[in-house]
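Following: one structure in structure tokens, then a few remarks.
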């Protein structure tokens with residue numbers, strides 16, 4: 001199972017690719033951040049995120065994209081940007097017939113640290129250990145993206161088989177590119 | 001000035017094209033709704049909205065896309081879907097080098113009815129009158145999309161000239177399609 005984790009954001013969109021199955025050691029295939037300038041207009045920022053994510057999808061061909069589920073309890077301005085960046089991530093995946101899974105921040109923290117209220121440092125430390133890295137990935141958004149991918153591989157073996165079957169059917173029924 | 005107004009939503013995304021300049025009678029070139037099934041998964045809904053909007057952009061070649069500015073005060077679930085649909089609209093426009101303008105619901109209501117607190121019926125009635133239609137466009141999302149386009153044409157003649165200049169420069173500097 002190869003999963004691209006996406007920690008959505010307009011300024012820094014974390015991306016990380018993890019391969020493996022539940023119960024076996026996991027392998028990191030790539031980690032990074034898609035950045036867009038805070039002073040650019042929103043349309044151009046979304047286009048830049050789309051281009052960045054398309055490159056990650058082209059390079060790593062994940063079987064599933066795991067995206068952080070966005071809530072609107074938090075800061076209004078931030079949450080809108082996060083929702084918009086996550087929409088681009090879900091769009092890029094679905095357009096290729098790749099299934100999308102959403103996980104909440106506390107599900108991700110609980111999966112990798114055992115506590116849904118773990119802090120960033122703890123998540124970074126566990127991601128480093130679980131993927132046998134030399135140092136925690138920087139920035140935190142990159143580590144969070146890897147944690148999302150790990151969370152998905154561990155939480156949902158049965159769900160993954162179902163989603164891949166559904167996605168395969170969708171891919172047969174619909175063209176993969178966009179219409180224009 | 002030809003403007004595509006988009007009233008973003010996952011279930012019903014209103015679209016309306018209006019042509020004209022401030023101070024002269026306006027012309028409606030098209031109005032409709034891009035619908036997606038509420039039981040489809042979010043990724044496929046966003047792909048359907050992208051395809052629908054691409055068709056509207058192909059058919060009408062607007063110079064500007066006016067999108068409703070989303071706030072997160074309201075219902076949490078609804079606002080997330082609205083933010084995601086608006087992200088797709090802004091992405092589709094910016095990818096083609098078409099400038100995007102955002103207007104708040106109260107700006108739109110004030111522009112077409114004179115009151116920022118007008119109800120849906122009042123907006124529908126004024127859109128019908130201003131565009132010399134036989135009846136108010138249905139559903140309300142379609143009328144709201146036309147109201148957004150009218151609002152933009154009336155509010156921002158100077159802003160429009162600036163945005164078109166900036167967009168022309170962006171279009172020269174960057175390829176219009178997506179990378180994949």
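The values are calculated or read from the model by the stated rules, or taken from the named source; none is laboratory data. Keep in mind that this is a model prediction, so the values were computed, not measured. Note that each Cβ is placed from the backbone with ideal geometry, even for glycine, and that neighbours are counted across all protein chains shown.
Some notes on this structure:
- The set of residues in segment A:17-28 being part of a strand (DSSP E or B) and touching a helix residue (DSSP H, G or I) at 6+ places or on another chain (Cβ under 6 Å) consists of A:17, A:18.
- Which numbered condition residue A:58 fails, given (1) within 7 Å of chain B (Cβ to nearest Cβ); (2) crowded, with 18+ Cβ neighbours inside 10 Å: (2)
- Per-region count, segment A:29-47, residues assigned to a strand (DSSP E or B) and within 17 Å of residue B:91 (Cα to Cα): 2
- Among residues that are at pLDDT below 95, facing chain A (nearest Cβ under 8 Å) and over 29 Å from residue B:132 (Cβ atoms), residue B:87 is not included.
- None of B:70, B:65 is part of a loop (DSSP other than H, G, I, E, B) and within 9 Å of another protein chain (Cβ to nearest Cβ) except B:70.
- Of the listed requirements (1) more than 11 Å from every other protein chain (Cβ to nearest Cβ); (2) more than 12 Å from residue B:8 (Cβ to Cβ), residue B:48 misses just one: (1).
Results for (1) at negative phi; (2) in contact (Cβ under 8 Å) with a residue 24 or more places away in the chain, shown as yes or no for each residue.
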| site | (1), (2) |
| --- | --- |
| B:48 | yes, no |
| B:53 | yes, yes |
| B:71 | yes, yes |
| B:88 | yes, yes |
| B:96 | yes, yes |
| B:107 | yes, yes |
| B:111 | yes, yes |
| B:114 | no, no |
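- Single match in B:125, B:38 (criterion: surrounded by fewer than 20 Cβ atoms within 10 Å (Cβ to Cβ), more than 14 Å from chain A (Cβ to nearest Cβ) and without any contact (Cβ under 8 Å) to a residue 24 or more places away in the chain): B:125
- For residue A:138, the conditions (1) within 14 Å of chain B (Cβ to nearest Cβ); (2) in a loop (DSSP other than H, G, I, E, B); (3) on the phi < 0 side of the Ramachandran plot are fulfilled apart from (1).
- Against the list (1) at pLDDT below 95; (2) more than 9 Å from every other protein chain (Cβ to nearest Cβ); (3) not in a helix (DSSP H, G or I), the condition residue B:78 fails is (3).
- None of A:14, A:43 is more than 9 Å from every other protein chain (Cβ to nearest Cβ) and either in contact with a helix residue (DSSP H, G or I) (Cβ under 9 Å, 6 or more places away or on another chain) or surrounded by fewer than 18 Cβ atoms within 10 Å (Cβ to Cβ) (or both) except A:14.
- Qualifying position, being buried (at least 21 other Cβ atoms within 10 Å of the Cβ), modelled with pLDDT of 95 or more and over 21 Å from residue B:24 (Cβ atoms), among B:147, B:94: B:94
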